[in-house]
Amino acid sequence: MTDFTSKTDKDGVAVITWDVPEKSMNVLNLEGFKELDEAVDAALADDAVKGIVITSGKPDFAGGMDLNVIASMKDNAGDNPAKGLFDGLMNMHKVLRKIERAGMDPKTNKGGKPIAAALPGTALGIGLELPLSCHRIFAADNPKAKIGLPEIMVGIFPGAGGTTRLARKLGAMAASPFLLEGKLSDPQKAKAGGIIDEVVPADELLEKAKAWVLSATDADILKPWDAKGYKMPGGAPYHPAGFMTFVGASAMVNSKTKGVYPAAKALLSAVYEGALVPFDTALKIEARWFTSVLMNPSSSAMIRSLFVNKEALEKGAVRPADVADQRVKKVGVLGAGMMGAGIALVSAKAGIEVVLLDQDQSAADRGKAYSETYMDKGISRRKATEEQKEALLSRITATTDYNALADCDLIIEAVFEDTKVKADVTAKVEAVISEDCIFATNTSTLPITELAKASKAQDRFIGIHFFSPVEKMLLVEIIKGAKTGDRAVAKALDYTRQIRKTPIVVNDARFFYANRCIIPYLNEGIRMVSEGVAPALVENAAKLVGMPLGPLQLADETSIDLGVKIAKATMAAMGDDYTDHASSDLLFWLADEGRLGRKAKAGFYNYDEKGKRQGFWEGLAEKHPHAETQPELTEVQHRLLMTQVLEAVRALEENVLMDIREGDVGAILGWGFAPWSGGPFSWLDIIGAERAVEICDALTEKHGDRFTTPALLREMAKNGETFYGRFGSQKAA
Ligand code: NAD
C-alpha cells in the first residue's frame, strides 16, 4: 500500500502526493506516516531537489487521523500505555519538526529547503497540523472546503503540534476559536483568520505552490518561533495583555465545560505552559498533556460515541443488509405545523421532492413559508443564495389534495397527536399511494403498533421520530412496530442518511427511547423541588455533571403544559402504577398559576419582557420552602443521572434498545446526556457496574423503588463485566 508518492519535476520541486488507495478521503495511519517520513527524508537528501510541495491526489487534502493509530500506540506499549502514547507522539513531533526545519543549519538557520502545503479541499485535524509544520500553506479557492482542528469536539485536542503551532502563529486569543471551539472555516475565512497563507484558483494550486517554493528565501522559511527575539502575538502569559487573555480563557473554559471535559483544560494548560518555554520543550509539554487526555476514560468514551459509533450508525450499521437501496425521491408530509414544516425543509434541502399537505391551503402555505424564512436568513448570513432558495422552494408543493401524494415513495405523518385523526389520514393516504410507498408517523407518544392498526399494510408502517427544531436536531429515532418489515426500516434509514441525520432504531414501547429517559430526569428535578431541595442546587448539580440544561430550565423550555399533558396521559395509561405524583402535582399547580414556561415568560423561572431568563420565581419557595438540611451535591447528581441511565438499561433489558451504541449516541444527540461521559452505557462502564449497583441500592433505600437496580446491572457487577465488553464488541465487529 502506498499512501504517499514523491515525484521530482524538471525544476527540482519534489511533489509529495497523499492519496490513500480505495478511500475517498485521506486519513493518516502509522504506515502512511512512515511513508511520509521517508519521502521527506529522500527529498531533503537529494541534491537535485530544491524544494518540496506536499499535496493530495484527491479532491480534499485529508480528513484527519485514523483513530486506530492512538489505540495501537497504546496497545503496542504493553503495560505502560501512557509511555507508548507519549513516545508515539514525540515521534510524530520529530517528523513534523524535521519538515519545519527542512535541513537548515541549527545555528545560522540557513540552507533549508522550502516546503509548501497545497490543499485542494478540506483539511482537518492532522490534515491541517501537517500543513502547519510546512513553511507556507496554499489552499484552492473551494468554498466547500472545511479547514480546521475539530478535535475538541470529540474530547481530545490537536496533539500533533497543531496546538503549539497555531497558538504561536496567531497568539492565544486569536487561536482560541479554532483550538477551543473546533471552529471550521472555508479557505477564504481560514486565510482571514490567519490559519493558512494563500488562497488561489483551484487550477493554479500546484503551479503557485511550486513557484513559491522556487523563489522562497532563507528568511521566508524560518518560522517566527525559531527566529531570535520571537514574541507571542498578543503577549505571552507574563505580558500584561497575555495575562488578561489567559485569565479570561481560563474562566471561559471553566464556565463552558464546568470542569467535566478534560481536553479543554489540558489544551489551555499546554498553550499556557508551552508559551513560557522554547518551542521544542513546548511540543514535549503538548505531548504530555495530550497523553493525559488520551489516558482519561472520558476521551475514549467520547471518541467511541461521537466519532466511531456515530459514523457507523450513519453508514448503516443497523440497516437490514439484504434490502435494496431505498433512497427517497418524493416524500409526502402530512400536517404542515411545527414538525411538518421542519421535515419538509430538511427533505427539500436534501434534494427530495416534497408534497406538504394540511387541512386548508393557508396552513399548508404557512408550512412552506417556514422554508422561505429559513432560506432568507441563510441569504442574509451569506450562507445561501437566491438560486438555492428558489430551487429549494420549487421542490415543495403545498396542498390540501391527497391525490398529489399518489407517486410519493415515503409518507411522514405529523398531524395532531390524536389516534383518531391519525387513523383518518392514514386511510385517506392509503387510498391513493402505491404498494411501494412506506408510511411513517412522527408521533412522540402514541404506540406505533397501535397506530399501525389503521393501516392496510402494517409491514410498511413505521415510526420516524424527529426532535424539535427539526433542522437543528441531529438525531432521528426510528421505531419498529410489532409488524414493521425490513423494507420500512431500510427506507427510514436511507431517508435519514439523505437528510444527513444520525439514526437509531428501537422497538416500540411507551415513549420509545429518548423521551423514556429524559422524562424521568425532568420528573426527578421537579420532585426534588417539592421535597424542599433548593432549585439552584438542582439546576447547578445537573450542569456540573455535564447536562446542557437543568431539569427545571428544560421543563420551562419544553413548556409546562406539555409536561401536564404527558403526565395526564401517563397516569391514564398506568393507573395505580403511576408513581410520579410529586412532580405532576407541582406541574399541575404551575399550569393553574398560568406559569406555562418560557413561551409564557413565566415558569419555574421568571423572565423579562424579552423572554430572557431571570432568577427563580419567588412563588416556588413559598409553596415548597427550602428544607433546612440540603442534600450533598453528589447525591443530587446521582439522582439526576441515575433516573436517565436506569431507563436506558431497562430499555436494553426489554429489547426496546437493541444496540448499546445506539443507546449512547442517541442519548447525547437526542437529549444532550452528559457528552463527556460518552452516553449512559459508557458512563456506567467508566464508574463500573459494581459502583453503579452501590449507588442504586443507596438511592433505592432512601428515595424509593424507581432506583431499583436492574437485574442485568446486578448480574454484570457480580461477573465484573462492562457493557461494551459484553454487548459492544460483537456488534462493532
Ligand atoms: P402542530 O399542531 O404544530 O401541527 C399539526 C398540523 O397538522 C397542523 O398544521 C394541523 O392543521 C395539521 N392537521 C391536523 N389534522 C389534520 C388532518 N386531518 N389533515 C391534515 N392536516 C392536519 O403539531 P406539531 O408540534 O407539529 O406535532 C405534530 C406531530 O409531531 C404530533 O404527532 C407530535 O406528537 C409529533 N412531535 C412533536 C414534537 C414537538 O416537539 N412538537 C416532537 C416530535 C414529534
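Quick notes on this structure:
This table checks each residue for (1) open to solvent by 10 Å² or more (accessible area, probe 1.4 Å); (2) closer than 27 Å to Asp46 by Cβ; (3) outside the structural domain of Tyr272 (by TED's automatic domain parsing); (4) of a type outside the set (Val, Ile, Thr).
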| residue | (1), (2), (3), (4) |
| --- | --- |
| Lys107 | yes, yes, no, yes |
| Gly111 | yes, yes, no, yes |
| Gly155 | no, no, no, yes |
| Gly161 | no, yes, no, yes |
| Arg165 | no, yes, no, yes |
| Pro187 | no, no, no, yes |
| Gly193 | yes, no, no, yes |
| Glu198 | yes, yes, no, yes |
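- Between Arg487, Arg497, the distinction of being closer than 24 Å to Gly367 by Cα, away from the ligand (no atom under 16 Å from the Cβ) and either in contact with a Leu (Cβ under 8 Å, 6 or more places away or on another chain) or outside any loop (DSSP other than H, G, I, E, B) (or both) belongs to Arg497 only.
- From the list Pro224, Pro177, the one residue that fits, being touching a Phe, Trp or Tyr at 6+ places or on another chain (Cβ under 6 Å) and under 28 Å from Ile285 (Cβ atoms), is Pro224.
- Sole residue being under 25 Å from the mean Cα position of the chain (by Cα) and within 29 Å of Glu207 (Cα to Cα), chosen from Ala102, Ala123: Ala123
- Residue list for region 319-349, restricted to those being open to solvent by less than 40 Å² (accessible area, probe 1.4 Å) and away from the ligand (no atom under 13 Å from the Cβ): Pro320, Val323, Gln326, Val328, Val331, Val346, Ser347, Ala348
- Residues (away from the ligand (no atom under 13 Å from the Cβ) and either closer than 12 Å to Ala488 by Cα or not hydroxyl-bearing (Ser, Thr, Tyr) (or both)) located in region 451-460: Ala452, Lys453, Lys456, Ala457, Gln458, Asp459, Arg460
- Residue under evaluation Pro320, criteria (1) more than 30 Å from Asp365 (Cα to Cα); (2) out of contact with any Asp or Glu (no Cβ under 8 Å at 6 or more places or on another chain), criterion not met: (2)
- Where helices (runs of 4 or more DSSP H) sit wholly within region 29-135, those with at least 2 residues that are charged (D, E, K, R) occupy 30-45, 68-76, 81-101.
- Positions within region 669-682 being open to solvent by less than 20 Å² (accessible area, probe 1.4 Å) and touching a Ser or Thr at 6+ places or on another chain (Cβ under 8 Å), in sequence order: Ser677, Gly678, Gly679, Ser682
- Filter result (under 16 Å from Ala567 (Cα atoms) and surrounded by fewer than 19 Cβ atoms within 10 Å (Cβ to Cβ)) within region 592-616: Asp592
- Here the strands (runs of 3 or more DSSP E) wholly within region 352-444 that include at least 3 residues being within 15 Å of the ligand (Cβ to nearest atom) and among the hydrophobic types (A, V, I, L, M, F, W, C) are 353-357.
- The residues of region 223-242 that are of a type in the set (A, V, I, L, M, F, W, C) and surrounded by 19 or more Cβ atoms within 10 Å (Cβ to Cβ), listed by number, are Met232, Ala236.
- Note on region 370-386: residues that are hydrophobic (A, V, I, L, M, F, W, C) and surrounded by 15 or more Cβ atoms within 10 Å (Cβ to Cβ) total 2.
- Here Gly229, Gly234, Gly259 are screened, and the one residue that is closer than 30 Å to Pro143 by Cα and part of a loop (DSSP other than H, G, I, E, B) is Gly234.
- Region 545-655 holds helices (runs of 4 or more DSSP H) entirely within its bounds, and those carrying 2 or more residues that are modelled with pLDDT under 95 map to 560-574.
- Long-range neighbours under 8 Å by Cβ, at least six apart or interchain, first residue modelled with pLDDT of 95 or more within region 427-444, second exposed (fewer than 13 other Cβ atoms within 10 Å of the Cβ) and outside any loop (DSSP other than H, G, I, E, B): Val432/Asn403
- Extreme residue, surrounded by the most Cβ atoms within 10 Å (Cβ to Cβ), among residues of region 113-152 that are among the hydrophobic types (A, V, I, L, M, F, W, C) and out of contact with any strand residue (DSSP E or B) (no Cβ under 8 Å at 6 or more places or on another chain): Leu132
- Index of the failed condition, Asp220 passing every other in (1) more than 30 Å from Lys107 (Cα to Cα); (2) surrounded by fewer than 17 Cβ atoms within 10 Å (Cβ to Cβ); (3) touching a residue at least 60 places away in the same chain (Cβ under 8 Å): (1)
Each row is one residue, and each column tells you yes or no for (1) among the hydroxyl-bearing types (Ser, Thr, Tyr); (2) over 29 Å from Ser530 (Cβ atoms); (3) modelled with pLDDT of 95 or more.
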residue	(1), (2), (3)
Gly663	no, yes, yes
Trp671	no, no, yes
Ser682	yes, yes, yes
Asp685	no, yes, yes
Asp697	no, no, yes
Thr700	yes, no, yes
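- Which listed residue is away from the ligand (no atom under 13 Å from the Cβ), modelled with pLDDT of 95 or more, open to solvent by less than 10 Å² (accessible area, probe 1.4 Å) and not in a loop (DSSP other than H, G, I, E, B), from Gly463, Gly525: Gly525
The values are calculated or read from the model by the stated rules, or taken from the named source; none is laboratory data. Predicted model, so just to flag it, every value in this text is computed and none were measured. Neighbour counts are summed over all protein chains in view; Cβ atoms, including those assigned to glycine, are modelled from backbone coordinates with ideal geometry. These accessible areas exclude ligands, DNA and RNA; they are computed on the full protein's heavy atoms, side chains included. Shrake-Rupley method; radii C 1.70, N 1.55, O 1.52, S 1.80 Å.
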